[in-house]
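K.L.:
Before I ask anything, here is the structure I am working with.
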Amino acid sequence: SSAAWLKTCYPSPFVVDPVMAAPLAASMTTTTPNPKNNIILMTDGYKFSHHKQYPVSWMPAGARPKGAGYTPPVLFPAAGECLATKVLSLRPVPGDASDATRVMKITIVTNISTAVVTVEAAGAGETADFVYCGKPAFYEGSAKSEIVLAVDSATCRALNLPATFTKMKFENCDESKLKRGSPLNDNLEGGYNVSYYTPRAYNEIFDYLKGDNIVFFGLQYFMKEYLCGQIVDQQKIDEADTFIGRYMADVRVAGPGFEAGYDYTMFPRGDWEAMLTGDYDETGKPGSVKGVLPIKIEALPEGTTQEPGVCSFKITNTHPRFFWLPNFLETLLVQVWYPMSVATQSREFRKTIEAYSILSQRVSQFPEAMGPGFFNEKNIAEDKLSIHLAQVFDLLDFGYRGVSSHETAGLGSASYYTAGFEGSDTVAGSRFLLSYYNKKDSVKEMFEQGHGMTSVPAAEHSTITSWADVSPDSDAGLYAKAEYAAFTNMIKQYMPSFCVSLVSDGFNIWNAVANLWCSDDTSHGGQSMKAMLAERLAKGQLTLVRPDSGEGVETLPQLLTILHTVLNEHWEKTPQPIVPVFPNDAEYEAKYQQLVAKVRAKLGMKDGNPFRRCVGQQLRVLQGDGVSLESLPDMLASLLANGFCANTVNFGSGGGLLQKLNRDSLSVAFKCCAMYVGGKVFPVGKDPIAGGKKSYGGNPPVVRGADGVLRNRGEYDASGNMIKALPMTYDEFMKGCPGDELKKVFENGVIVDEQNFSEIKERAKIHKLDAACKLAVDNLLLKCDYMQKMSSDESIAIRVAEASCGSKWSNTHATNLPEFQKKFPHLAPAFTKLGITPAMDSTTVLKHIKDKHVCDRKAKKTILRALSDHDPAAAIKAMEGKVVVTL
């Protein structure tokens, strides 16, 4: 749709030579497994011991119980289609070899189990049933209750056994298969184990949310990167074998003889070897698919929004032998918490900006031919191009350098795009989507034709500050000229570009906006800043002023107030009239009108629209410092309280968007919920006496209610609380469950339902904004009086006085205050009240401001904490008569 719009509404005047436009490299839209990934080692260490802990076991059909008194054998002969036991290796059991009184044990690693047996020396007349020669071999003896095993002396020493144990015997009972007291293990046929993944609660930054606001996203990446294809091979099995023995070593055996501490009892090598060959039933017939994980994953479509507690996806083994495998994979797949949390947060960022856009009567800069451009809930939900395109840069992703790894950057930035934003400096995000979510080239088309993942030419501090000589004795006048030359160079170099972002606080942000951005100076030999900005305005280009310091809740309305004065030609003169925001809610419409009246009073208006905005949204401030989901509402509220539309600012977030989250933000967990054994279902659940972590007992189908909300199947009261769970029956598990929204996406190494990113974004769209708008109104009314202090005449006079200290503000020199007083004549009484005069030099001005009018660090922290705690009275008190929060 973006490509069609580009062709229809903005036909390009350029003819692109296909030779010049090189195709996107095929390697950018495909992915291959990382050879360093070893799925056997990508789990929690304690899970290496889990295969022996479940209430079921698996034996080949030919070795299962045949009557009373049966015990599962370690070694058994061939029977029917089932092969005999294959002994893969003998391994020691950790212990002190010098202790002759200890119980002697060895580990027998077979194709069926990793069994620990107690051994004793065999008599001279006892014949060996199995001779171990150091290589894998099948057991060729008969079914016996006691086995005599022969080894050579070197093997005997390696097993930490006395020399007399070259012939030993043990009871032929595999204790790892006996699950005494279990009602599920009568036939040793294994079972199907279901684990489900769910976000359980809104915590921390999300604690204000209710309903289905969680965005499910990111599973497809983990499947493609770690689970797809033939990922189990001999090298990986051997690596895991050697590693796990050392990793799980008995710490009591260290120093000399440390090898005796290696513990080989916890690695089910036989099961992994079966995955390698595909011969799950040990018939000697290789499976049709080798080296794949025998699991099935059923999931909600990615981009779906859900409530806490609802199952997002579940894992089930596809062969009963591997009942332990779903739990084993939980460690890796629970990491879906990260993209899910970022996607949820990005959507909340968007929702918050949309709410304040509605309150400030925002209108899209794009023509009505592209759809209605007025921001209200209906138009935003319809998401026609006019509304859609107006928002794509409202929040920018600046998180690459602030995250813990390159993989985190890719996952996080891709999650940011699910909310419909399109501006990111995290290159890894667009590359990630091209590789992992490019079904039918959908992302490639969005990237190439619709330019749906983009960055813009932007200055950083070094590209500006490198122009000036910062030596203490350098000339302040030349210093200022150098900064101005850097500014004009940046704009000139990228004059043809749709957007240019100019960081402006390398030295003195107030001088930059009050003096340099509006300068007519051409002494550097080129066009002035003011002339180039006028040219860009005429051409419909976007120019961004980027501060990168201070507290946005204070500095944003101050910067905009100054820009409204010095670049007034960039501002609309007659915004459209105010229209009701809550036409069907008299209480909140009254609150909204009360708010509008406060803003009008602040600006000295009797009527009309008080929310000022720039022509075509073409000049904006880019606030990229300190932006988080917690700070954003107050930054926006401060804009509106001081008479500015939400569209006067673009926001950029780095760590606040991609890093300041954890698994507890949505309380994400995996829960084993059901086992299916012998034609029966056994519900599994958790219900701690301490409360808080009770899980759904049984395998939950996810159904959509009459209200359109997804829930785990059950009976609910009028408040939406579950009274009774209604999990899947055995028949539903085996044959399918009608109405279940969880669909199979992965089976036995293959993605069977690949997700399309365009559809993911469509599912994640915001359709309801009433609650967000009410939250914004309440926040504004509570804090409006305090926030309007941010742009008082005294506050602006402080900033203008700081501006008068020039680029090299830390150097003592005369100020430009007389010139600024001409630009801001209405501030004369404020300067007098503040005691700031043209006779003061720059050092004196700044010391006077700092000593008399700026809050100290302790007061600043108190103020910001009070605002976060919704206590503006405490914030006012903490200012103690000061004029501004920060210098």
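The values are calculated or read from the model by the stated rules, or taken from the named source; none is laboratory data. Predicted model only: the values in this text are computed from it and were never measured. Note that each Cβ is placed from the backbone with ideal geometry, even for glycine, and that neighbours are counted across all protein chains shown. Please note that ligands, DNA and RNA were not included when accessible areas were found on the heavy atoms of the full protein model with its side chains. Shrake-Rupley method; radii C 1.70, N 1.55, O 1.52, S 1.80 Å.
K.L.:
So for the range 608-675, averaging the separation of alpha carbon pairs under 8 Å that are six or more residues apart and normalising by length, what relative contact order in percent results? Before the final figure, lay out each step's value.
P.N.:
Values: 55 pairs, mean separation 27.2, N = 68.
Reported as a whole number, the value is 40 percent.
K.L.:
Another one. Heavy atoms only, probe 1.4 angstrom, no DNA, RNA or ligands counted: give me His826, His853 ranked by accessible area, highest first.
P.N.:
Values: His826 100, His853 25 Å².
Largest accessible area first, the list is His826, His853.
K.L.:
Strictly over 24 Å apart at the Cα level, which of Lys774/Lys877; Lys210/Lys439; Lys789/Lys823; Lys224/Lys680; Lys177/Lys680 would you flag in this model? Don't skip to the end; give the middle numbers.
P.N.:
Numbers: Lys774/Lys877 27 Å; Lys210/Lys439 33 Å; Lys789/Lys823 21 Å; Lys224/Lys680 33 Å; Lys177/Lys680 20 Å.
Too far apart for the 24 Å limit: Lys774/Lys877; Lys210/Lys439; Lys224/Lys680.
K.L.:
Right, another one. Which of the aspartates and glutamates could a cross-linker bridge to Lys236, judged by Cα under 15 Å and excluding same-chain residues fewer than eight apart?
P.N.:
By straight Cα distance, Lys236 reaches Asp271, Glu273.
K.L.:
So what does the Cα-only Debye profile of the range 669-786 read at q = 0.11, 0.13, 0.17 Å⁻¹, as log10 I(q)/I(0), no solvent term?
P.N.:
Here the Debye-derived log intensity ratios amount to -0.61, -0.79, -1.10.
K.L.:
Ok, one more. Kirkwood hydrodynamic radius of the range 296-415 from all distinct Cα pairs, in Å?
P.N.:
On the way: mean 1/r = 0.0573 Å⁻¹.
This gives a value of 17.5 Å.
K.L.:
Once you keep just the Cα pairs under 8 angstrom separated by 6 or more residues, what percentage relative contact order results for the chain?
P.N.:
Working: 1721 pairs, mean separation 127.6, N = 887.
Relative contact order here is 14 percent.
K.L.:
For the range 465-531, what is the convex hull (Cα atoms) projected area averaged across all directions, in square nanometres? If you can, show how the numbers build up before the last one.
P.N.:
On the way: hull surface 18.3 nm².
Computing the convex hull of the Cα atoms and averaging its projections yields 4.6 nm².
K.L.:
How many percent of the alpha carbon pairs in the range 431-471 exceed a separation of 11 Å?
P.N.:
Numbers: 586 of 820 pairs.
I get 71 percent for the Cα pairs in the range 431-471 exceeding 11 Å.
K.L.:
Explain nothing, just the number: dipole magnitude of the chain about its Cα centre with +1 on each Lys and Arg Cβ and -1 on each Asp and Glu Cβ, in debye rounded to the nearest 20. List each step's numbers first, then the result.
P.N.:
Values: 92 positive and 98 negative charges, 194 e Å.
So the magnitude is around 940 debye.
K.L.:
Show me the three semi-axes of the equivalent ellipsoid for the range 609-690, from the C-alpha gyration tensor (sqrt of 5 times each eigenvalue), largest first, rounded to whole Å. Walk me through the intermediate numbers first.
P.N.:
Values: eigenvalues 491, 38, 34 Å².
That gives 50, 14, 13 Å for the three semi-axes.
K.L.:
Once you charge only the Cβ atoms, +1 for Lys and Arg and -1 for Asp and Glu, what is the size of the charge dipole of the range 181-332 about its Cα centre, to the nearest 20 debye?
P.N.:
Using Cβ point charges on Lys, Arg, Asp and Glu, the range 181-332 gives about 180 debye.
K.L.:
Hey, which aspartates and glutamates would be in cross-link range of Lys135, C-alpha to C-alpha under 12 Å, not counting anything within fewer than 8 residues on its own chain?
P.N.:
Cα-Cα hits under 12 Å: none found.
K.L.:
Take each of the peptides 497-504, 723-730, average the number of other beta-carbon atoms within 10 Å over its residues, and list them starting from the highest. Please list the in-between numbers first.
P.N.:
Values: 497-504: 21.6, 723-730: 15.4.
Descending mean neighbour count gives 497-504, 723-730.
K.L.:
With a 10 Å radius around each residue's Cβ, average the other Cβ atoms per peptide and rank 624-633, 115-124, highest first.
P.N.:
Working: 624-633: 20.4, 115-124: 16.6.
Going by the mean number of other Cβ atoms within 10 Å, highest first, we get 624-633, 115-124.
K.L.:
Using just the helices of the chain, give the 222 nm mean residue ellipticity in deg cm²/dmol: DSSP H runs with n ≥ 4 each add -39,500 (n - 2.57), and the total is spread over all residues, rounded to 500.
P.N.:
Numbers: 28 runs with 282 residues, N = 887.
Calculated at 222 nm, the ellipticity per residue is -9500 deg cm²/dmol.
K.L.:
Would you kindly find the accessible area of Thr331, with a 1.4 Å probe and non-protein molecules such as ligands, DNA and RNA excluded, rounding to the nearest 10 Å²?
P.N.:
30 Å²
K.L.:
Ignoring ligands, DNA and RNA, how do Ser312, Ser868 rank by accessible area with a 1.4 Å probe, largest first?
P.N.:
Details: Ser312 0, Ser868 70 Å².
Ranked list, largest accessible area first: Ser868, Ser312.
K.L.:
Order Phe216, Phe165, Phe398, most accessible first, counting only protein heavy atoms with a 1.4 angstrom probe. Please list the in-between numbers first.
P.N.:
Working: Phe216 0, Phe165 20, Phe398 55 Å².
Highest to lowest solvent-accessible surface, that is Phe398, Phe165, Phe216.
K.L.:
When all C-alpha to C-alpha distances in the range 21-128 are sorted into bins of 10 Å, what percent of pairs does each bin hold, rounded to whole numbers?
P.N.:
10, 24, 29, 18, 9, 6, 4, 1, 0
K.L.:
For the chain, find the longest principal axis of its Cα atoms and tell me its angle to the long axis of helix 234-247, 0 to 90°, nearest 10.
P.N.:
Here the helix axis deviates by roughly 90 degrees.
K.L.:
Moving on to the next point. For a 29 Å ceiling on Cα separation, which of these pairs sit above it: Lys314/Lys378; Lys539/Lys573; Lys671/Lys735; Lys591/Lys858?
P.N.:
Working: Lys314/Lys378 35 Å; Lys539/Lys573 19 Å; Lys671/Lys735 23 Å; Lys591/Lys858 34 Å.
Checking Cα-Cα distances, Lys314/Lys378; Lys591/Lys858 exceed 29 Å.
K.L.:
So for the range 814-887, Kirkwood radius off the Cα pairs, Stokes-Einstein at 37 °C and 0.692 mPa s: how many µm² s⁻¹?
P.N.:
Numbers: Rh = 13.7 Å.
Value of D from the Cα-based Kirkwood radius: 240 µm²/s.
K.L.:
Picking from Val215, Gln235, Tyr197, whose Cα lies most toward the positive end of the charge dipole for the range 196-250 (charges on Cβ: Lys, Arg +1; Asp, Glu -1)?
P.N.:
Val215
K.L.:
Among Ala100, Trp58, Val151, whose Cα projects farthest towards the positive end of the dipole of the range 57-207, with charges put on the beta-carbon of Lys, Arg (+1) and Asp, Glu (-1)?
P.N.:
Highest projection toward the positive end goes to Val151.
K.L.:
According to the Cα gyration tensor, what semi-axes, each the square root of 5 times an eigenvalue, does the equivalent ellipsoid of the chain have, listed from largest to smallest in whole Å?
P.N.:
Details: eigenvalues 886, 180, 135 Å².
Output for the chain: semi-axes of 67, 30, 26 Å.
K.L.:
Any chance you could give the angle, 0 to 90 degrees and rounded to 10, that helix 552-566 forms with the longest Cα principal axis of the chain?
P.N.:
Tilt relative to the chain: about 40 degrees.
K.L.:
Also, quick follow-up: Just flag the trypsin sites (Lys or Arg not before Pro) in the range 218-303 sitting in loop per DSSP whose Cβ has no more than 13 other Cβ atoms within 10 Å.
P.N.:
On the way: sites: Lys224, Lys236, Arg246, Arg252, Arg269, Lys290, Lys296; in loops: Arg252, Lys290.
Sparse-neighbourhood loop trypsin sites (Lys or Arg not before Pro): Arg252.
K.L.:
Another one. Which residue, Thr844, Ala797, Ser868, has the largest displacement toward the positive end of the dipole of the range 749-887 when charges sit on each Cβ (Lys, Arg +1; Asp, Glu -1)?
P.N.:
The Cα lying farthest towards the positive end belongs to Thr844.
K.L.:
Using only C-alpha atoms and all pairs of different ones, pull out the Kirkwood radius for the range 43-193 in Å with one decimal. Please report the intermediate quantities before stating the final value.
P.N.:
On the way: mean 1/r = 0.0610 Å⁻¹.
Final number for the Kirkwood radius of the range 43-193 is 16.4 Å.
K.L.:
On to the next question. Given all pairs of different Cα atoms, what value in angstroms does the Kirkwood hydrodynamic radius of the range 430-549 take?
P.N.:
Numbers: mean 1/r = 0.0618 Å⁻¹.
When all Cα pairs of the range 430-549 are included, the Kirkwood radius is 16.2 Å.
K.L.:
Would you mind checking the pairs Lys481/Lys822; Lys602/Lys822; Lys686/Lys761; Lys296/Lys440; Lys481/Lys598 and listing those with alpha carbons more than 32 angstrom apart? Mind dumping the intermediate values first?
P.N.:
Numbers: Lys481/Lys822 21 Å; Lys602/Lys822 23 Å; Lys686/Lys761 34 Å; Lys296/Lys440 24 Å; Lys481/Lys598 42 Å.
Exceeds cut-off: Lys686/Lys761; Lys481/Lys598.
K.L.:
Just for the Cα atoms in the range 378-429, what are the lengths along the principal axes, largest first, rounded to whole Å?
P.N.:
Projected onto the principal axes, the Cα atoms of the range 378-429 cover 39, 13, 12 Å.
K.L.:
If we sort 675-681, 875-881 on the protection proxy, mean other Cβ atoms within 10 Å, highest first, what's the order? Present the calculation step by step, with values, prior to reporting the outcome.
P.N.:
Values: 675-681: 17.7, 875-881: 15.1.
Top of the packing list down: 675-681, 875-881.
K.L.:
With only Lys, Arg, Asp and Glu charged, each at its Cβ (+1 for the first two, -1 for the last two), find how big the charge dipole of the range 64-211 is about the Cα centre; round to the nearest 20 debye. Numbers along the way, then the final one.
P.N.:
Working: 16 positive and 16 negative charges, 29 e Å.
Using only the charged Cβ atoms, the result is roughly 140 debye.
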